[in-house]
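Taking it in order: structure first as structure tokens, then the write-up.
The values are calculated or read from the model by the stated rules, or taken from the named source; none is laboratory data. Values in this document were obtained by computation on a predicted structure and should not be read as measured data. Cβ coordinates were reconstructed from backbone atoms using ideal geometry, including for glycine residues, and neighbour counts include every protein chain displayed. What goes into the accessible areas is simple: the full protein's heavy atoms, side chains included, and nothing from ligands, DNA or RNA. Shrake-Rupley method; radii C 1.70, N 1.55, O 1.52, S 1.80 Å.
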Amino acid sequence: MRKIYSESKKIGKIEIKNRFVRSATGERIASEDGRVTDELIEFYKVLAEGGVGLIITGVTYVHENGKGIPNQLAIDRDDLIPGLRKLTEIVHKYGEGCKIVVQLHHSGRQSMVLDNPMAPSAVFEPTFHVKPREMTKEDIVDTVEAFVEAARRAEEARFDAIQLHAAHGYLLSQFLSPYTNKRTDEYGGTIENRVRIIEEIYKKTVENVGPDFPILIKMNVDDFLEGGINLDESMQIAEILSKMGFAAIETSGCMWEVILRTKKELGWHPAFNPEARINIDSKEKEAYHLPYAKEIKKVINTPLILVGGIRSLDIIENILNEGNADFIGLCRPLIREPDLPNKWLKGTGEITCECISCNGCTGSLLSGSLRCTQKK
Ligand SMILES: Cc1cc2nc3c(=O)[nH]c(=O)nc-3n(C[C@H](O)[C@H](O)[C@H](O)COP(=O)(O)O)c2cc1C
Ligand code: SF4
């Protein structure tokens, strides 16, 4: 019997061959100035060969003033297009129908590399110990333009779609959240105002690249911070984004400073990577954003990608069969086992995901390139 996770489904006009999505995973494998390297191409070839239906790249910066980590992939200049095209070609060639989406990113106040970052408002960021400067209207216009230009480059580099990173406390998430957005102009205050920068990016991108190029978005179901977005607000935001025309919504949660608020006595440690919870060692702990996604699914008409602690095939089947999500996002399981989708799609009997959710991989990003620290 054909299993639901092996069935194809569309995101916008593109057909995804199965329901497994590699959720964006920052790699730190680009060159210092953000170029695609041979190592990065090999990394994506292995992922594509592993059977996943859709790969979302790691955070890719649209402007140097939004760079988040060293050796981050960039899409802020036209001379990067040939390298990015090599990346899409390798995925299309070796992935047997696998699609690739670039995640467009601006770090705002959460940057490991910028001393004087900008943000919607000058709200102190305790993880990176920085008070950002408040963006001017001109900064906002320039940032919208940077995203729109990055989308054009993505299409020229033959990505199948783009995803706006509006989750995890980065710039677009900072605009959405009343915790980080204290503006009194048309970009702050009401939900409509906080969504405005995303709406401008969306509309100008459609004008520029046409309606057939899918635009996805990753957003927080909850900031898990007092004064931040809660489920009630995220449902309203998701409804607006769905009506606007986003091709898919990926549901995640958290901002970086949640770590400090919850683990103040311990200080910062990669194990507390807030969006990637540790110790998913029982089925009860899996799919930790599912209760939120179920509510969001009720108010949107666009496919939902659920991510966060999903580790077992029977849980995946239930989520899909019950219509609580259309696609399953996997990050850490594919760092550990890039061929896990093929194991699940082609194997028999219970196939256990080997990732133990220890976040050693998050730690690896602090000092160098991404790796699973549990892998021999
Ligand atoms: C090492 C690492 C890097 C990540 N990089 C990104 C990223 O570039 N963009 C993003 O949206 N989320 C990123 N995330 C979050 C994941 O996409 C995902 O939302 C989270 O890890 C939960 O899914 P999982 O339980 O399948 O790992 C990262 C997570 C980890 C562990
Ligand atoms: S280090 Fe390896 S086992 Fe640990 S969370 Fe990351 S991918 Fe999973």
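Assuming R0 = 22 Å, can you tell me the calculated FRET efficiency for the pair Glu199 and Glu138, based on Cβ-Cβ distance, to the nearest 0.05? My answer for the efficiency is 0.75. Here Asp79 and His129 are evaluated by their C-beta separation; at R0 = 41 Å the FRET efficiency comes out at 0.75.
Computed over the chain, relative contact order equals 16 percent, with contacts defined as Cα pairs under 8 Å that lie 6+ residues apart. Ranked by the mean number of other Cβ atoms within 10 Å per residue, highest first, peptides 311-323, 163-175 order as 163-175, 311-323.
Using the alpha-carbon positions of segment 148-217, Rg (one decimal) and Dmax (whole number) come out as 13.2, 39 Å. If R0 is 30 Å, the Cβ-Cβ spacing of Tyr94 and Ala122 corresponds to a FRET efficiency of close to 0.05. The gain in end-to-end length when the Thr352 to Glu145 segment is fully stretched comes to 70.1 nm, 0.36 nm per residue minus the alpha carbon separation. Counting only Cβ charges, +1 for Lys and Arg and -1 for Asp and Glu, the dipole size of the chain around its Cα centre is about 840 debye.
Solvent-accessible surface of protein heavy atoms, probed at 1.4 angstrom with all chains present, puts Asp339, Asp38, Asp139, Asp232 in the order Asp38, Asp232, Asp339, Asp139, largest first. Cα centroids of segment 110-151 and segment 332-370: 32 Å apart. What residues of segment 137-171 lie in the reach of a label at Asp185, counting those whose backbone N is under 16 Å from a point 7 Å from the Cα along Cα→Cβ? Counting only backbone N, you get 137-146. Percent of Cα pairs in segment 61-188 per distance bin of 10 Å, from zero to the largest separation: 13, 41, 30, 14, 3. In the context of the full set of protein chains, the chain has a per residue accessible area of 40 Å² (1.4 Å probe). The share of accessible area on the chain that comes from carbon and sulfur is 48 percent, using a 1.4 angstrom probe. At q = 0.10, 0.11, 0.12 Å⁻¹ the log10 of I(q)/I(0) for the chain amounts to -0.56, -0.69, -0.84, computed by Debye summation with a single uniform scatterer per C-alpha, solvent ignored. Taking every alpha-carbon pair in segment 184-247 and binning the separations at 10 Å intervals from zero gives 20, 49, 26, 5 percent.
Among the listed pairs Lys204/Lys297; Lys10/Lys285; Lys93/Lys297; Lys204/Lys243; Lys86/Lys343; Lys13/Lys346, a Cα-Cα separation exceeding 23 Å is found for Lys204/Lys297; Lys10/Lys285; Lys93/Lys297; Lys86/Lys343; Lys13/Lys346. Using a probe of 1.4 Å on the protein chains alone, the accessible area found for Lys137 is around 100 Å². Per-residue accessible area (protein heavy atoms, 1.4 Å probe) orders Val141, Val52, Val36 as Val141, Val36, Val52, starting from the largest. Relative protection proxy for 125-134, 184-193, from highest mean packing down: 125-134, 184-193 (other beta-carbon atoms within 10 angstrom).
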